[in-house]
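Q: Take this structure, written in structure tokens, and hold onto it; I'll ask about it next.
The values are calculated or read from the model by the stated rules, or taken from the named source; none is laboratory data. Only a predicted model underlies this, so the values are computations on that prediction, with no experimental measurement involved. With ligands, DNA and RNA removed, areas are computed over all heavy atoms of the protein, side chains included. Shrake-Rupley method; radii C 1.70, N 1.55, O 1.52, S 1.80 Å.
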Amino acid sequence: MSRPSAPRIAIVHDSLVTAGGAERVLAFMHEVFPDAPIYTSAYLSDHTFSEFQSAAILTLPGSWLVNSERRLKALFPLWVFGFARLNLRTFDVVLSSTTWGAKFVSHAPSVRHVSYCYAPTRLLWSPEAYNGMRAPIGPLTRLVELVRPRLQALDVRVMQRIARVATSCQNMATAIADQYGISARIIHPPIRMSDYSVGLDRGDFYLTVSRLIAHKRVDLAIEACRRLGRNLVVVGDGPDAARLRSIADGTVKFAGRVGDEALRQLYRTCRALIFPSKEDFGLAPLEAQASGSPVVAYGVGGVRETMIEGRTGVFFGSQDSEAIVEAILRLEHAEFDAGAIRESVRRFDVEYFKQELRDFVLG
């Protein structure tokens, strides 16, 4: 008696032009389903993780126009239209990895669409995230303002036709329920614990790891460390890099994008990670804690599910440099057990994620 054939799976991801948290999760999805092709709007191999070089990447028409994240966002409507025309009728299961675009993928009625939705589309549902900052996609922001209710209604219809939805954490499950009326399964983004270790020697610097875009608020970490005279290493790159360099002084070192091993070395030797942004989940705090390093974090969003106040770091309650200064001083007067910090995040190891993702996609 012959075995039933394995289901044919396709993965659809918004874009592969950065090395952010969603792309890190996608890399782990690729480990779980290595034979599944990855469809995406555009792929810049030197801007994202090297793990994708072993994957079959298929991009949308027009992807050749993209040479940066900024350019990708300027062509936002093109990608939504492209995903909607991408009919993956030859597959049994489509897994979309999405915030804004891949969820629009079309398919035959016989194809089961399951989605790992990181968050409701920020520009539609949380425009206040950009208050006082440069709009993320230029003139399109004004157009969105004019037709936001219609776009929200379309977004809801698209999400409600998906067979099964998962997300990263409880605060995003709540947001998805509020905006879409959908119950989402929580599958926490993972880290590979074996990649990280506790350092024996600590340096005299604080660390921030982020894409350098305005709403990440790296400027607050720079200002706080400048006021305290503390050394800060900034890892990451992005369109806000020039502005951030202009407000920094000699206490700040911009490392740009660094390799995985260099980043792990920074994690295990820093005094603490400073995490000033409001994030849906946030992988950097997990990576720091897996290295035994405490975290100074803005106490909203996903960090409430991954950190323990007083045991693995400290929270600050308002998104301003004064609050970060006060939190750093509290951290410097506290004692932390590096081994206990590491053990606190073992439940986020990748092996748990892999099993939960298989159950979600194939169950």
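Q: Using the alpha-carbon centroid of each, what span in Å lies between region 47-122 and region 284-312?
A: Rounded to whole Å, the Cα centres lie 31 Å apart.
Q: Can you list residues from other chains, or at least 5 along the same chain, whose modelled amide H is less than 5 Å from the amide H of residue 205?
A: 271
Q: Would you please classify the overall shape of region 211-363 from the alpha carbon gyration tensor, given that a ≥ b ≥ c denote the square roots of the eigenvalues, rounded means a/c under 1.5, and beyond that prolate means a/b larger than b/c while oblate covers the rest?
A: Working: a/c = 1.77, a/b = 1.42, b/c = 1.25.
Since a/c reaches 1.5 and a/b is larger than b/c, the shape of region 211-363 is classed as prolate.
Q: A follow-up question, please. Working from the alpha-carbon coordinates of region 15-57, get Rg over Rh, Rh being the Kirkwood radius.
A: Details: Rg = 9.2 Å, Rh = 10.2 Å.
Reported Rg/Rh (Cα atoms, Kirkwood Rh): 0.90.
Q: Right, something else. Using a ≥ b ≥ c from the Cα gyration tensor of region 291-363 (square roots of the eigenvalues), is it rounded, prolate or oblate, where a/c under 1.5 gives rounded and otherwise the larger of a/b and b/c decides, a/b for prolate? The partial results should precede the final answer.
A: Working: a/c = 4.52, a/b = 1.90, b/c = 2.38.
It comes out oblate by the Cα gyration axes.
Q: Now, a different point. Residues of region 41-93: accessible area per residue at 1.4 Å, in Å²? Write out the running numbers ahead of the final one.
A: Numbers: 2980 Å² over 53 residues.
About 56 Å² of surface per residue is accessible.
Q: Could you give the spread of the C-alpha atoms of region 87-243 along their three principal axes, from largest to smallest, in whole angstroms?
A: 59, 44, 27
Q: Another question, if that's okay. For region 295-336, rounded, prolate or oblate, judged on the Cα gyration tensor with a ≥ b ≥ c (square roots of eigenvalues), a/c < 1.5 rounded, else prolate if a/b > b/c?
A: Details: a/c = 3.12, a/b = 1.04, b/c = 3.00.
In terms of gyration-tensor shape, oblate.
Q: With N denoting the number of residues in region 202-253, provide Rg(C-alpha) divided by 2.2 N^0.38 Å, to two decimal places. Spell out each step's value before the answer.
A: Numbers: Rg = 10.2 Å, N = 52, 2.2 N^0.38 = 9.9 Å.
With N residues counted in region 202-253, Rg over 2.2 N^0.38 Å equals 1.03.
Q: Then there is this: Expressed as a fraction of 2.2 N^0.38 Å, the rule-of-thumb size for a compact globular protein of N residues, what is the C-alpha radius of gyration of the chain?
A: Numbers: Rg = 20.5 Å, N = 363, 2.2 N^0.38 = 20.7 Å.
Working it through for the chain, the quotient is 0.99.
Q: Where the accessible area of region 93-247 is counted over protein heavy atoms with a 1.4 Å probe, how much of it, in %, is carbon and sulfur?
A: Numbers: 3490 of 6670 Å².
Carbon with sulfur: 52 percent of the solvent-accessible area.
Q: For region 36-129, what percent of Cα pairs sit more than 21 Å apart? Before the final figure, lay out the partial values.
A: On the way: 1563 of 4371 pairs.
Distances greater than 21 Å cover 36 percent of the Cα pairs.
Q: Sequence gap at least 6, Cα distance under 8 Å: using those rules, report the relative contact order of the chain to the nearest whole percent.
A: On the way: 683 pairs, mean separation 48.5, N = 363.
Worked out over the chain, it gives 13 percent.
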